[in-house]
Every structure is written in structure tokens, then in C-alpha cells.
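A short worksheet on the structure shown next.
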Amino acid sequence: MLKIVIVDDDKTIRAGIHAILDGLDRGYEIDSRASDGKAALERVIEWKPDLLITDIKMPVMDGIKLVHTISEMKLPVKTIVISGYDELPYVKECLKAGVRDYLLKPLNKRDLVEQLDRMESAKHIESLRAQQLENLKRSAKESRFLRKERLLWDLVVNRFQDPHALVQRVSEFGLNEAASFIIAVIKLDKSDAKQSLSSLDWEQWIYTLSGEISWLESWHFSMQNEQMTILAPLDSARSDVDPTPFTWFSEQMKLYTASAFTTGISQTFQQLSYSPLAYQEAYSCLQRAFYEGTGKIYMYSKDEPSLYSQFQELDIIEYTQSLFQAIDAPNASKALAILNSMITRLADNRVEPSQFKGGLTNQVRKLYVLHPEVASAAVKEPRFDLLSIIEHAVTVQTLKEQLNEGLHGLILLMQEEQLKKDNRIIMKSKEIIQKNYQHNITLQTVAAQVNLNPNYFSNYFKQETGRNFLEYLLEVRIQAAKKLLAEPDVKVYEVGYLVGYENPSSFNRAFKNVTGTTPSEYRKTRNLIGPSELQIDC
């Protein structure tokens with residue numbers, strides 16, 4: 001779709017050309033307001049059209065001056081000049097300015113359409129060529145980036161069995177000229193993450209940054225598993241490491257992602273065959289963030305392997321047993337106190353971070369096996385899942401805080417589920433009584449139907465309803481009796497049998513104990529009692 005500016009001092013000609021272009025129904029965007037070259041030039045600069053259709057003789061600025069000015073300013077617009085036979089010498093001036101197309105007056109619609117067709121075809125070809133060129137540039141850039149990334153990982157995992165192949169690969173990127181190397185691992189602090197790094201265009205970002213900072217071109221990058229791995233060649237064989245470039249690069253990553261990062265840096269090494277060990281050194285430095293905090297740069301030292309102790313399950317067995325008992329109670333405050341003591345014990349011993357988390361993971365798995373209700377609560381509410389919390393915790397402090405929140409949440413969920421279960425038992429018990437009060441129903445028969453011990457059921461029923469079983473059964477029968485006594489066709493002596501009493505005397509005595517009057521007296525006075533007074537809360 002073309003954007004077209006029409007300029008002519010004759011308003012009728014401008015309107016006629018506009019009408020012809022509109023009638024072609026090609027979706028052109030058309031501006032036909034300019035009546036002189038100066039107004040047209042301003043519109044071309046502001047709007048950036050694809051095509052300018054201009055007359056030659058105009059006030060203020062004529063067509064010749066207009067096309068010369070456009071040529072000098074190198075504005076990317078094609079021009080069609082409209083001229084009369086007596087203006088052909090002027091057309092030659094326009095041709096010198098780069099104009100390649102002109103139309104004679106009076107304007108012929110077919111000639112104009114042919115010009116437009118050629119222009120659209122040329123624009124399409126130019127667009128294709130530009131896209132092809134851009135694709136070629138991007139492919140070359142991506143190919144180089146991917147080759148450098150592949151070389152980095154081949155070095156890290158020691159895939160080079162053929163020394164000749166290694167020499168060829170490292171020579172391509174000038175690594176054979178470096179005096180020494182460093183491997184750095186920059187890891188996303190997940191607790192502070194605003195987004196997944198895999199969703200970002202790291203190749204384009206690094207490509208753009210390398211254009212501004214030339215020394216980045218020699219670095220090799222790989223983004224995997226929410227971390228950036230870097231192989232940085234150095235000009236000198238110095239043993240000390242300057243963290244400044246990595247500090248700067250980490251800050252750039254932070255600006256790009258709005259997230260924080262922790263960096264681990266290996267010691268310098270001269271032989272690329274040392275790359276696998278250097279990667280392990282850099283990665284082990286990241287472990288220090290578990291105790292010392294995230295968002296920092298940690299540099300490898302010879303003392304690194306001796307910073308931690310080994311996990312010993314015997315150190316926390318006593319805590320584990322007490323913790324399980326507190327959860328079983330359930331006693332949330334006691335459980336949390338024991339959990340904090342367990343974590344503090346491991347932290348005081350400065351247990352190696354992966355073993356620290358692995359030891360806790362094993363205890364949680366035991367908990368889930370011994371207490372399926374805890375595992376069920378974790379499935380119901382994943383944010384309280386202790387296994388997931390342990391896996392994703394980045395520091396011992398966040399681990400403690402999140403485990404406390406998770407365990408407390410699980411215990412509350414367990415209590416809610418137990419309460420729902422208890423409510424279901426009471427509701428089912430009441431339902432059984434409501435359906436069977438006419439018969440010789442007993443506490444033992446109801447307890448059996450809700451799968452509880454009779455003694456436990458008796459105590460539990462009173463605790464939850466405020467009445468013992470017989471009191472509740474009596475109230476249900478008396479309420480039913482009142483409804484029957486309101487029916488004039490039902491005999492008084494029949495009511496007792498219908499609500500579960502085999503002996504009329506027992507029914508009369510029970511009814512009077514509850515209502516203060518006999519069944520016969522109740523029937524006589526029922527018309528004087530409001531309906532709301534007949535209800536018994538069961």
C-alpha cells in the first residue's frame with residue numbers, strides 16, 4: 001500500500017488525481033492538500049510518503065526546486081512530474097535531479113496506472129531485497145553466536161577427543177591467542193525473579209551490547225537453566241582476577257531483566273582443557289550465596305572445598321521425631337519451633353548447601369509417607385509444598401522463612417480438613433437419627449454407621465452438639481410429635497407409636513418433661529401458640 005502526496009497549484013487537478021487514485025480501490029493513503037512546492041516538501045519530510053506527484057510550475061517553490069531539494073536531502077521518495085508539451089525543457093532539469101517518471105498534460109488515467117504498477121512492483125522488490133539482506137545478516141550473527149556457545153559447552157563438558165579439532169575450533173575465534181581464561185557463572189536469584197530468562201532474546205541483547213563495548217566480542221556466552229555461563233579470554237597470565245567486567249555485566253543483566261543475579265568466578269587458567277574444572281569452581285562459588293547472601297560476586301579460592309561440613313542424619317534425628325509428633329498432635333507452634341531448631345543446627349554446622357537441602361528433603365519425604373494428610377494438603381495448595389520450597393530456596397534465611405510459612409499453612413489445611421471431616425460425621429449422625437427416630441435406634445447403631453467407637457462417638461457427639469445422644473434423639477422425637485399433634489385425624493395415643501415409643505406412658509412422660517404439658521393438653525392449646533414456638537433447634 002502506497003502513501004502518496006499530490007501537489008499542484010490547480011485545486012481541480014489535485015482533486016481529479018485524488019479521485020482517480022481513490023477509484024482504483026488499492027487502499028492508497030493520499031494527501032492532496034499542498035498547492036506549492038514548499039508545502040509539499042514539509043509534508044514529505046513529516047509524513048515520509050512513498051510517492052510524490054508534482055506539477056512543475058507552482059508559486060513559492062516550483063516543481064524543479066522541489067525535486068532538487070528532495071534529491072539534496074536524500075529523502076527516500078519516488079517522484080512523478082506532470083508537465084505540458086511546452087514544459088519539456090523543465091522536465092530535463094527534473095531528470096538531472098533523479099526523477100525517472102513524468103506524465104504529460106492532459107493527464108491520462110491509463111498512463112498513471114502503469115506508472116503506479118511499476119512503482120508498486122519496484123517497492124515490493126526493494127522490500128524483498130531488504131528483508132533478504134536483513135535475514136542474511138541475522139543468520140550470520142546467529143550462526144557465529146551459536147558456534148561460540150557450542151564451543152563453550154564442548155569445552156565445559158570436555159567433548160574434544162581430537163586435539164586437531166580443538167585447535168581448529170579455538171582458532172576460529174582467536175582463543176589460541178589468549179594468555180589465560182576465566183569461566184564465570186551468573187545465576188538468577190529466583191526469589192527476586194520478575195520473569196523467566198528463557199523468554200528473553202539474549203542473542204540480540206548481547207549482539208547490541210557488543211556493538212557498544214568492543215571487548216565483549218571476545219567473550220563466549222551460554223544461557224541455560226536460568227543462568228549465564230561465560231568464557232572470558234584474558235590478555236595476561238596474571239593469577240589474580242579482576243571482577244570489574246563481571247560486576248558491570250551483571251549490572252547490565254539486572255537492568256535488562258529487572259532481576260538480581262549472583263556471580264561465581266573461577267580462578268584463571270592457561271589451558272582450555274582445564275575448562276570443566278574451572279566451570280565447577282565457578283559453580284561452587286555460587287553455593288556461598290546460600291549462607292552469605294545473593295546479589296554478590298564470589299571468587300574462587302583454594303579454601304573453597306573446606307568451607308562446608310558433611311551432612312549427618314544423626315544430627316537431626318531427634319528433631320525429626322519430635323517434629324512428626326507435633327504435626328500429628330497437631331501443635332503448630334511446637335512444630336515450627338522444632339523445625340527452626342533443626343535448620344539452625346544444620347546452619348551452625350555450615351553443612352554443604354546441596355547436602356543441607358538434600359537432608360531436609362529426605363525428612364520431608366518421610367513426613368509425607370507417614371502422614372498422607374500432610375502430603376494431600378501440599379497437593380491441594382502447592383505454595384505450601386515443603387519439597388518445592390526446599391528445592392527453590394536460594395538462602396538459608398529464605399529457606400527458614402518459607403518452610404515456616406509452608407508448614408504452618410499445611411497444618412492449618414489439615415485442621416480445616418479434619419474439621420470438615422468432623423462436620424460430615426455429625427451431619428451424617430443427625431441424618432441417621434432423623435430417618436430412624438421412629439424405630440428402636442441406639443447410640444451403638446449410629447456409631448457403627450459412622451465407623452466410630454461407641455464411647456468415642458458418645459463423647460464426640462456431645463462435644464460437637466452440646467447434647468448427648470439420648471437428649472438429641474428425644475428432641476427430634478418430640479418435635480415430630482408436635483407436628484403430628486397438629487393433625488386432628490391422628491389420635492393422641494397413635495402419636496407415641498409413630499415417633500418411636502412402644503409404651504404410651506413413656507411417651508406422655510417424655511413429652512411432658514420436654515414441653516411442660518401432656519400431649520392431650522398440648523393439642524387443646526395448640527391454636528393459641530404461634531407457629532415459631534413449635535420449632536426445636538436440633
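Looking at the stretch 81-93, can you tell me whether even one residue there is modelled with pLDDT under 75, more than 30 Å from D10 (Cβ to Cβ), touching a helix residue (DSSP H, G or I) at 6+ places or on another chain (Cβ under 9 Å) and not acidic (D, E)?
no
Give me a count of the residues in the stretch 228-252 that are at pLDDT below 90 and over 15 Å from Y298 (Cα atoms).
Looking only at that region, the number is 5.
Between K357, K334, K400, K380, which is farther than 26 Å from E292 by Cα, modelled with pLDDT of 90 or more, of a type in the set (K, R) and touching a helix residue (DSSP H, G or I) at 6+ places or on another chain (Cβ under 7 Å)?
K334
Please identify the pairs in which a residue from the stretch 376-388 that is surrounded by 13 or more Cβ atoms within 10 Å (Cβ to Cβ) has its Cβ atom under 7 Å from the Cβ atom of a residue that is not in a helix (DSSP H, G or I), counting only partners at least 6 apart or on another chain.
A378/D385
Mind listing whichever residues of the stretch 290-347 are in contact (Cβ under 8 Å) with a residue 60 or more places away in the chain and among the small types (G, A, S)?
G293, G295, A332, A335
May I ask you to say which residue of A375, A337 is more than 28 Å from the chain's Cα centre (by Cα), assigned to a helix (DSSP H, G or I), closer than 17 Å to H408 by Cβ and of a type in the set (A, V, I, L, M, F, W, C)?
Unique residue meeting the criteria: A337.
So is E217 closer than 22 Å to G174 by Cα, out of contact with any Asp or Glu (no Cβ under 9 Å at 6 or more places or on another chain), charged (D, E, K, R) and surrounded by 13 or more Cβ atoms within 10 Å (Cβ to Cβ) or not?
It is true that E217 is closer than 22 Å to G174 by Cα, out of contact with any Asp or Glu (no Cβ under 9 Å at 6 or more places or on another chain), charged (D, E, K, R) and surrounded by 13 or more Cβ atoms within 10 Å (Cβ to Cβ).
Could you list, ordered by first residue, the pairs with Cβ atoms under 9 Å in which the first is in the stretch 271-289 and basic (K, R) and the second is in a helix (DSSP H, G or I), at least 6 apart or interchain?
R288/E304; R288/P353
Which one of the conditions (1) surrounded by fewer than 18 Cβ atoms within 10 Å (Cβ to Cβ); (2) at pLDDT 90 or above does N440 fail to meet, given that it meets all the rest?
N440 satisfies all of (1) surrounded by fewer than 18 Cβ atoms within 10 Å (Cβ to Cβ); (2) at pLDDT 90 or above except (2).
State all residues of the stretch 200-225 that are assigned to a helix (DSSP H, G or I) and β-branched (V, I, T); if no residue qualifies, say none.
Result: I206, T208.
Say we look at the stretch 300-333 and pick out the residues that are in contact with a Gly (Cβ under 8 Å, 6 or more places away or on another chain) and surrounded by 19 or more Cβ atoms within 10 Å (Cβ to Cβ); which of these is farthest from L360 (Cα to Cα)?
Among residues in the stretch 300-333 that are in contact with a Gly (Cβ under 8 Å, 6 or more places away or on another chain) and surrounded by 19 or more Cβ atoms within 10 Å (Cβ to Cβ), the one farthest from L360 (Cα to Cα) is Y300.
Looking at the stretch 310-350, which of its residues are of a type in the set (V, I, T) and within 15 Å of L386 (Cβ to Cβ)?
I316, T320, I327, I338, I343, listed by residue number.
Given the criteria closer than 24 Å to D235 by Cα, charged (D, E, K, R) and either modelled with pLDDT of 90 or more or assigned by TED's automatic domain parsing to the domain that holds A335 (or both), does E292 qualify?
No; evaluated as a whole, the condition is false for this residue.
Tell me which helices (runs of 4 or more DSSP H) are completely within the stretch 412-506 and hold 2 or more residues being β-branched (V, I, T), or say none if there are none.
So the answer is 443-449, 469-485, 492-498.
So which pairs qualify, if the first residue must be in the stretch 62-79 and free of Cβ contacts under 8 Å to residues at least 60 places away in the same chain and acidic (D, E), the second must be part of a helix (DSSP H, G or I) and surrounded by 18 or more Cβ atoms within 10 Å (Cβ to Cβ), the Cβ gap must be under 8 Å, and the two must be at least 6 apart or on different chains?
The qualifying pairs are D62/G37.
Please state which of the following conditions A232 fails to meet, knowing it meets all the rest: (1) surrounded by 15 or more Cβ atoms within 10 Å (Cβ to Cβ); (2) assigned to a helix (DSSP H, G or I); (3) more than 22 Å from the chain's Cα centre (by Cα).
(2)
The values are calculated or read from the model by the stated rules, or taken from the named source; none is laboratory data. The structure presented is a predicted model; accordingly, all values stated were derived computationally and were not measured. Cβ atoms come from the backbone with ideal geometry, glycine included; neighbour counts cover every protein chain shown.
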